[in-house]
């Protein structure tokens, strides 16, 4: 993988040295850059819609004849022989200079395999893999971000030693093997997941490291959601398919989109307010790592995998023409049935898969925009107001090509994936109250301690967990490993529509209460649950829970 | 305007050699100037907002160079003596606090104990008084907790404006003035910093001392980290070394 071409707009260190020096010279002239964003002038002007939407290349496993050196150590992994890896990846985490817009400068970023976003993992259920992650970041790294990393596959049903527990961070010069069994939870096909992502999870530095570039898509397919709209298998849903692979974009209709917001200093370099305790907001809207790109679409159906990449922004996504679409998956899990909607809300780390049919647009419509109508003035959460369409920031321009008589074989069946049965008796109920005392995040009145387990959950049992919060904050609560199903929201049943599926992020707005049902299966060990406003997470808004025999 | 740094060896030596300067510094300590700045951070363009800091051309951060007093009544400059080139953990408390302060200092003592081999050099602890405690009161408190004279731990006091600017500069504030000014609800967060690398993190000072100590150690580049056995996480299986590893060049403003 090391010899592959870099993602577009990412330069080899030597190649862009001149640019870096030029940037440095600019810095000396300006004397200071302001660290307190309240004083910072807005990011430099960038012209929107001048650059195409780009995609990370696929992660490529080692060829069959090439072995990892040293060999993986099965003793470090649970059930290794049972889920013997079929493919092996050898991935680098390294620093690159990245420019998210031609009118911005080059920024030092942390990357997975030289790409921002990180290379896209495309896996299939039943095919275990092992990914070696080599930390090749500089040992001495000035500015925000840590040279220590640990990778978490968000919503992966993985053993804890491969899950990315924050304390498992490791330093440059070392590697960790992540064994991704890609197995269905308790073998149930209804537990299959689809749109996931992987990102850094380093203790105290998750927000800084992901902001610096450490995030990418991790997609899983199975016989139902096979990733082939021409699949002859009668069971296959044949949803719009074809995930772009780097520059290979033609005839690809399954489009992963990671939304992030960023700030830049007057030299156009990435800026992160390390003193911010509430949450970080940017004034530039990036899609797949680039500022306000455009994307040309055919007049047919597309699957968009929408991901809120944070660190603290909330989205209420609409198309500028108000068109409707089908929501097919919540947090990457296919719903029992598609839900027609005009908008979707995303808290940090939440995903929504939607299918948009551009063939329904009149011939005269040649451009529409994806806009964010959620008003948010600070990192604490959205105000709850919906911005007028005309005043809402535009994130992505969609250029609709003329009708070329393209044949669209993809479908959105009326039935997708049924909700798994909640058929295990409830062993116990637990309550988790998220609060803030003396400026410190607490859960049930306690501070995070990774050496203290706050819930011993017996493998093979189910529980009901109740979430609640107080104060004027929004908290997207994320649970590792196991995927709960929502039972009630504010005391009322919430198991239909977009709530009918499984979720791994439950966004609690001020005063919210939720109850969820969870099964504990397959793996033993420690996992975290935390707020995915990563600024809150880094300030210890987290608990540890364990699956025990 | 040079004030000896009572916290560094070099400055201590200088103060021995230049008793007059030290004497003058002692005089100055009786009249701390709120919000005072000197040559390290007074350039045109330094923002006026409370808590502002700036990143300098070499990639390091400058705060206002406030005048403070330590537990022995010595004058200390915030930027020059406490921030510049230092690796530290900072908390805010006051001597007569009936709330979290006692427990917080207790946990910080635990963290200090774990970090003992590196306390004073290169790690420092700073405790800022939120209630204009006198140097005598701070010294008495330190003595009562058995931490007076321990290398690397300094209690500091200053005017309300100065302490507020420092607190805000470390990110511990509430935009609601009433909430921000409520002493009983004051922050229990610790700010960790490595000035040279402009590396900053934060966690509750009331946390398990092991976590606090590990957060401090994580501020150092891996090759410079203190090797303290008690700080190893017993549940984490160590990562393995990359064969034929060649370190990437430093990523700094000056080295870019």
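The values are calculated or read from the model by the stated rules, or taken from the named source; none is laboratory data. None of the values given here were measured: they were computed from a predicted structure. Note: ideal-geometry Cβ built from the backbone for every residue, glycine included; neighbour counts use all protein chains shown.
Within region A:253-267, restricting attention to residues that are assigned to a loop (DSSP other than H, G, I, E, B) and either surrounded by 21 or more Cβ atoms within 10 Å (Cβ to Cβ) or assigned by TED's automatic domain parsing to the domain that holds residue A:537 (or both), which residue is modelled with the lowest pLDDT?
As a first pass, look at region A:253-267 and keep what is assigned to a loop (DSSP other than H, G, I, E, B): A:253, A:265-267.
Narrowing further to those that are either surrounded by 21 or more Cβ atoms within 10 Å (Cβ to Cβ) or assigned by TED's automatic domain parsing to the domain that holds residue A:537 (or both): A:253, A:265.
Details: A:253: 98, A:265: 94.
So, considering only residues that are assigned to a loop (DSSP other than H, G, I, E, B) and either surrounded by 21 or more Cβ atoms within 10 Å (Cβ to Cβ) or assigned by TED's automatic domain parsing to the domain that holds residue A:537 (or both), the one modelled with the lowest pLDDT is A:265.
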Checklist entry - Can you find a residue in region A:452-459 that is more than 24 Å from residue A:153 (Cβ to Cβ) and in contact with a helix residue (DSSP H, G or I) (Cβ under 8 Å, 6 or more places away or on another chain)? => result no
Next on the checklist: Is it the case, given these coordinates, that residue A:110 is within 13 Å of chain B (Cβ to nearest Cβ), under 20 Å from the mean Cα position of the chain (by Cα) and under 25 Å from residue A:331 (Cα atoms)?
Outcome noted: no
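Looking at region B:175-185, is at least one residue in a loop (DSSP other than H, G, I, E, B) and closer than 16 Å to residue A:441 by Cα? Don't jump to the end; show me each part of the working.
We begin by selecting, within region B:175-185, every residue in a loop (DSSP other than H, G, I, E, B); these are B:175-176, B:181-182.
Filter again for closer than 16 Å to residue A:441 by Cα, leaving none.
No, there is no match, as no residue in region B:175-185 is in a loop (DSSP other than H, G, I, E, B) and closer than 16 Å to residue A:441 by Cα.
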Next on the checklist: Criterion first (surrounded by 22 or more Cβ atoms within 10 Å (Cβ to Cβ), within 14 Å of chain A (Cβ to nearest Cβ) and assigned to a loop (DSSP other than H, G, I, E, B)) does residue B:64 satisfy it?
Outcome noted: yes
Checklist entry - Just for region A:165-179: of the residues that are within 20 Å of the chain's Cα centre (by Cα) and touching a residue at least 60 places away in the same chain (Cβ under 8 Å), which one is farthest from the other protein chains (Cβ to nearest Cβ)? => result A:179
Checklist entry - Got at least one residue in region A:509-525 being within 14 Å of chain B (Cβ to nearest Cβ) and at pLDDT 95 or above? => result yes
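Could you identify the single residue in A:138, A:72, A:117 that is crowded, with 20+ Cβ neighbours inside 10 Å and in contact (Cβ under 8 Å) with a residue 60 or more places away in the chain?
Details: A:138 fails: in contact (Cβ under 8 Å) with a residue 60 or more places away in the chain; A:72 fails: crowded, with 20+ Cβ neighbours inside 10 Å.
Selected residue: A:117, the only one of A:138, A:72, A:117 that is crowded, with 20+ Cβ neighbours inside 10 Å and in contact (Cβ under 8 Å) with a residue 60 or more places away in the chain.
Being more than 7 Å from chain A (Cβ to nearest Cβ) and in contact with a helix residue (DSSP H, G or I) (Cβ under 7 Å, 6 or more places away or on another chain) is the filter; apply it to region B:195-207 and report the residue that is nearest to residue B:100 (Cα to Cα). Step through it out loud before you land on a result.
Filtering region B:195-207 down to residues more than 7 Å from chain A (Cβ to nearest Cβ) leaves B:195-196, B:199, B:205.
Among the residues that remain, those that are also in contact with a helix residue (DSSP H, G or I) (Cβ under 7 Å, 6 or more places away or on another chain) are: B:195, B:205.
Working: B:195: 28, B:205: 10 Å.
If we take residues in region B:195-207 being more than 7 Å from chain A (Cβ to nearest Cβ) and in contact with a helix residue (DSSP H, G or I) (Cβ under 7 Å, 6 or more places away or on another chain), then B:205 is nearest to residue B:100 (Cα to Cα).
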Checklist entry - Is it the case that region A:195-205 has a residue that's within 19 Å of residue A:87 (Cβ to Cβ), away from chain B (no Cβ under 14 Å) and surrounded by fewer than 24 Cβ atoms within 10 Å (Cβ to Cβ)? => result yes
Checklist entry - Which number in (1) farther than 16 Å from residue A:513 by Cα; (2) surrounded by fewer than 17 Cβ atoms within 10 Å (Cβ to Cβ); (3) in contact with a strand residue (DSSP E or B) (Cβ under 7 Å, 6 or more places away or on another chain) marks the one condition that residue A:451 misses? => result (3)
Checklist outcome for this item: For region A:491-504, the count of residues that are surrounded by fewer than 23 Cβ atoms within 10 Å (Cβ to Cβ) and either touching a residue at least 24 places away in the same chain (Cβ under 8 Å) or assigned to a helix (DSSP H, G or I) (or both) equals 5
Item to check | Conditions (1) modelled with pLDDT of 95 or more; (2) at the interface with chain B (Cβ under 10 Å from one of its Cβ atoms); number of the one not met by residue A:98 | outcome: (2)
Checklist entry - If you check A:436, A:526, which single one turns out to be touching a helix residue (DSSP H, G or I) at 6+ places or on another chain (Cβ under 6 Å), surrounded by 15 or more Cβ atoms within 10 Å (Cβ to Cβ) and not assigned by TED's automatic domain parsing to the domain that holds residue A:345? => result A:526
Item to check | Residue, farthest from residue B:124 (Cα to Cα), within region B:208-237, restricted to residues that are touching a strand residue (DSSP E or B) at 6+ places or on another chain (Cβ under 8 Å) and either buried (at least 21 other Cβ atoms within 10 Å of the Cβ) or facing another protein chain (nearest Cβ under 8 Å) (or both) | outcome: B:235
Checklist entry - In region A:327-361, which residue that is in a loop (DSSP other than H, G, I, E, B) and more than 13 Å from the chain's Cα centre (by Cα) is farthest from residue A:279 (Cα to Cα)? => result A:361
Next on the checklist: For region B:95-119, which positions are surrounded by 13 or more Cβ atoms within 10 Å (Cβ to Cβ), more than 14 Å from chain A (Cβ to nearest Cβ) and under 14 Å from residue B:217 (Cα atoms)?
Outcome noted: B:112, B:113, B:115, B:116, B:118, B:119
Checklist entry - How many of the residues making up region B:238-256 are surrounded by 11 or more Cβ atoms within 10 Å (Cβ to Cβ), at pLDDT 85 or above, facing chain A (nearest Cβ under 7 Å) and in a loop (DSSP other than H, G, I, E, B)? => result 8
Item to check | Top-ranked residue of region A:134-149 - restricted to ones that are closer than 25 Å to residue A:527 by Cβ and not in a loop (DSSP other than H, G, I, E, B), ranked as nearest to the other protein chains (Cβ to nearest Cβ) | outcome: A:134
Next on the checklist: I'd like to check something: does region B:85-92 contain any residue that is part of a loop (DSSP other than H, G, I, E, B) and closer than 21 Å to residue A:275 by Cα?
Outcome noted: yes
Next on the checklist: Please go through (1) in a helix (DSSP H, G or I); (2) at the interface with chain A (Cβ under 10 Å from one of its Cβ atoms); (3) buried (at least 19 other Cβ atoms within 10 Å of the Cβ) for residue B:192 and return the number of the only condition it doesn't satisfy.
Outcome noted: (1)
Checklist entry - For residue A:460, are the conditions met, namely being more than 25 Å from residue A:192 (Cα to Cα) and part of a loop (DSSP other than H, G, I, E, B)? => result no
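Can we say residue A:110 is within 24 Å of residue A:164 (Cβ to Cβ) and surrounded by fewer than 21 Cβ atoms within 10 Å (Cβ to Cβ)?
Numbers: within 24 Å of residue A:164 (Cβ to Cβ): yes; surrounded by fewer than 21 Cβ atoms within 10 Å (Cβ to Cβ): no.
Here the answer is no, as residue A:110 does not meet what is asked.
Name the residues in region A:37-49 that are more than 14 Å from chain B (Cβ to nearest Cβ) and either in contact with a helix residue (DSSP H, G or I) (Cβ under 6 Å, 6 or more places away or on another chain) or without any contact (Cβ under 8 Å) to a residue 60 or more places away in the chain (or both), would you?
Just the residues of region A:37-49 that are more than 14 Å from chain B (Cβ to nearest Cβ), to begin with: A:42-49.
Those that are more than 14 Å from chain B (Cβ to nearest Cβ) and either in contact with a helix residue (DSSP H, G or I) (Cβ under 6 Å, 6 or more places away or on another chain) or without any contact (Cβ under 8 Å) to a residue 60 or more places away in the chain (or both): A:45, A:47.
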Next on the checklist: Restricting to region A:150-161, and then to whatever is more than 10 Å from chain B (Cβ to nearest Cβ) and under 19 Å from residue A:93 (Cα atoms), can you tell me which residue is surrounded by the most Cβ atoms within 10 Å (Cβ to Cβ)?
Outcome noted: A:151
